[in-house]
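Report on one structure; see the data block that follows.
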């Protein structure tokens, strides 16, 4: 700011930041996006998702989402006049069921939304699953909106297989990422989207009028910060230490741990602790134990109940230990 970087930047974003994003994707996933025509800086990942939907979904179109899912997907599709087609991830392990996905595709299917690593369940799509998705979409013109905001939060040497790393998917995908999640600055609300030039041209037609551009000094700051890849390359180990600390403590309670391959969320089955429904259990946990959780049913349109709550371990170690001490009462 003191350098005078306070006026409007280019609509698509500061060129240095777009170049840094292009370089990062090429290094990590082997696909080079043109920073001039194929990278746009957004006001957070949620704006990127909404803009991607608005630029390609029209009244009467269908968009497939996988439940449980992030709560902005459905409203974004409905704002565009589209129909949300909800396909459940398999309860218990929350992996994609490709028979159900194939059955959900119709001539009206315009787009499909994938989130990996997955919020709220912590699952990470494998290369085989992404390749199977590519094969399923190959004979169609369906657009992929790939929400990859937790791309650097993957554990136990499980790789993140982004849509950019598979040419067949990269050719039809808006790939969404988040500086906020990656650099612990979610309140800055800065994200990015990468897409082939024809898709990005449509994206920018909407972006120009619903945001126009993103704050200038933070874009320049991020571009300079990204010169060192250490912060995002070290992120898996950083969060795995927190995950392992949290899981070790939870293992001493009657909560049953579900797998956590990625993200900074841990889901637990509380059926051995309470028979309350998920919403009431989370209220009870907050009021009586002093630890906040989110009911998994909140991520389903019909409030599907499984006796599961989602906890977040993106906290300081002191906070995690304090929370675990309270949860030890369970």
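How many residues does segment 6-15 contain that are more than 17 Å from residue 178 (Cα to Cα) and touching a helix residue (DSSP H, G or I) at 6+ places or on another chain (Cβ under 8 Å)? Residues that pass the stated criteria total 5. Taken over segment 226-250, the criterion of being under 21 Å from the mean Cα position of the chain (by Cα) and part of a loop (DSSP other than H, G, I, E, B) is satisfied by 226, 229, 234.
All of (1) free of Cβ contacts under 8 Å to residues at least 40 places away in the same chain; (2) out of contact with any strand residue (DSSP E or B) (no Cβ under 9 Å at 6 or more places or on another chain); (3) closer than 25 Å to residue 153 by Cα hold for residue 256 with one exception: (2). With respect to residue 17, determine if the residue is closer than 19 Å to residue 203 by Cβ, outside any loop (DSSP other than H, G, I, E, B) and either in contact (Cβ under 8 Å) with a residue 12 or more places away in the chain or outside the structural domain of residue 303 (by TED's automatic domain parsing) (or both). Judged against the criteria, residue 17 is a match. Residues in segment 150-176 that are buried (at least 24 other Cβ atoms within 10 Å of the Cβ) and within 14 Å of residue 239 (Cα to Cα): 150, 151, 153.
Candidates 216, 263, 186: the one that is farther than 30 Å from residue 8 by Cα and either in the same structural domain as residue 306 (by TED's automatic domain parsing) or surrounded by fewer than 21 Cβ atoms within 10 Å (Cβ to Cβ) (or both) is 263.
Yes/no matrix, rows are residues, columns are (1) touching a strand residue (DSSP E or B) at 6+ places or on another chain (Cβ under 6 Å); (2) in contact (Cβ under 8 Å) with a residue 60 or more places away in the chain; (3) under 16 Å from residue 93 (Cα atoms); (4) in a strand (DSSP E or B):
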{"site": "266", "(1), (2), (3), (4)": "yes, yes, yes, yes"}
{"site": "274", "(1), (2), (3), (4)": "no, no, no, no"}
{"site": "284", "(1), (2), (3), (4)": "no, no, no, no"}
{"site": "287", "(1), (2), (3), (4)": "no, no, no, no"}
{"site": "292", "(1), (2), (3), (4)": "no, no, no, no"}
{"site": "298", "(1), (2), (3), (4)": "no, yes, no, no"}
{"site": "303", "(1), (2), (3), (4)": "no, no, no, no"}
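Tallying residues that are closer than 15 Å to residue 173 by Cβ and over 21 Å from the mean Cα position of the chain (by Cα) within segment 14-32 yields 1.
The values are calculated or read from the model by the stated rules, or taken from the named source; none is laboratory data. Since this is a predicted model, take the numbers as computed values, not measurements. Ideal geometry is used to build each Cβ from the backbone, glycine not excepted, and the neighbour counts take in all protein chains shown.
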